[in-house]
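Below is one structure, written out as structure tokens; the observations come after it.
The values are calculated or read from the model by the stated rules, or taken from the named source; none is laboratory data. Quantities reported herein were computed from a predicted structural model and do not represent experimental measurements. Cβ coordinates were reconstructed from backbone atoms using ideal geometry, including for glycine residues, and neighbour counts include every protein chain displayed.
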Amino acid sequence: MTGTQNLDDTGNSLANIITGNSGHNVLNGGAGADTLIGKTGDDTYLVDDIADVTIELANGGIDRVRTALANYTLTGHIEYLEFIGTQNSNGTGNNLSNTIIGNAGNNILDGAAGVDKLIGGLGNDTYLVSDAGDLVVESVSEGIDLVKSSLADYTLTEQVENLLLVGNAIKGTGNDLANTITGNTANNILFGGDGNDALFGGVGDDKLIGGVGIDTLTGGAGVDTFALLETGGDIITDFDPSKDIIALNQTAFGLLDQIVGSVLNATRLVVVNSDAIALGGVLDLLPSPLTRLIYSTESGNLFHDANGTGPLGITNGLGESGGLIATFEKVLGAAPTLTSANFVVDSIV
């Protein structure tokens, strides 16, 4: 085509070659294996056959492919990919800064190289994130979505529920939803943020930080650290007292007299055989009350006794800021055996 006007051209059932002009063209090959060639304008290509070929020039405008195919990878010099219809689709970008837009199906979107924007839509979408500048966009009630991140450090954007670390990724952080965050073979740091989160460390020496909410923490293989920020009742599924560690927030649990990084003073942990005793507080034999931890072997519940007790054994319960910190799941019907050596004092940001 010649001229500068904007064109809207459609082929037939044959294998067509359609060439645009310098305007903003819409090129649709129709049925058949077509070749669509844009020029300097901002062109849109409608691709409906797996054998269709799109050809763009470098600096040939801002161009878009719209397709209903199940799988599509952008060719060179095209910036946008948009899926139409309701089928499940896999979309892959090129080395430009792409915008890839999913449809109502369950999409897998991979921007590849470049700083990309990935927009999922209504389905349960999966995003492959490999550049620190990549942006994942989801809206409320648009499915249960997953980011697979190979970045050293990644934080879920709003309305994305789940995060899986792949490759050399180290750190993963959730948002205010109920996230599932899964580590890889590295030594991961997983932080749930707000919401009732599930964290799975994998095979490395991992640090799991639930954050706000009732979180479920599973370390997996390796020497794992379960970081407790506050009372709230986190669930620890696989604590191994022979190697794993509980990290206590120095400020939240009133341990300011203890050095960050140090093992918990043995006087700060009391082990009892029932929740009833634990909930009554502990008998403090020191001149003034001390905050303590109380662990019930009956239930596997770990409590924060925020006020210790009154002098010489006057019990006052767990105090206003005390309460259940965590529950250790039983193995073969028995809660794990804990000592102060299983606890360290931590600043935990």
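Being farther than 21 Å from Asp145 by Cα and touching a residue at least 24 places away in the same chain (Cβ under 8 Å) holds for only one residue in Asp63, Asp42, Asp52, Asp9, and it is Asp63. Figure legend. Inter-residue proximity from region 225-238: first residues in the same structural domain as Val263 (by TED's automatic domain parsing), second residues assigned to a strand (DSSP E or B) and polar (S, T, N, Q), beta-carbon distance below 6 Å, spacing 6+ or different chains. Indicated pairs: Leu229/Asn249; Ile235/Thr216; Ile235/Thr327; Thr237/Thr218; Asp238/Thr218. The lone criterion from (1) modelled with pLDDT of 75 or more; (2) farther than 22 Å from Thr225 by Cα left unmet by Thr315 is number (1). If the condition is being buried (at least 18 other Cβ atoms within 10 Å of the Cβ) and within 11 Å of the chain's Cα centre (by Cα), then region 142-158 contributes Asp145, Leu146, Val147, Lys148, Ser149, Tyr154, Leu156.
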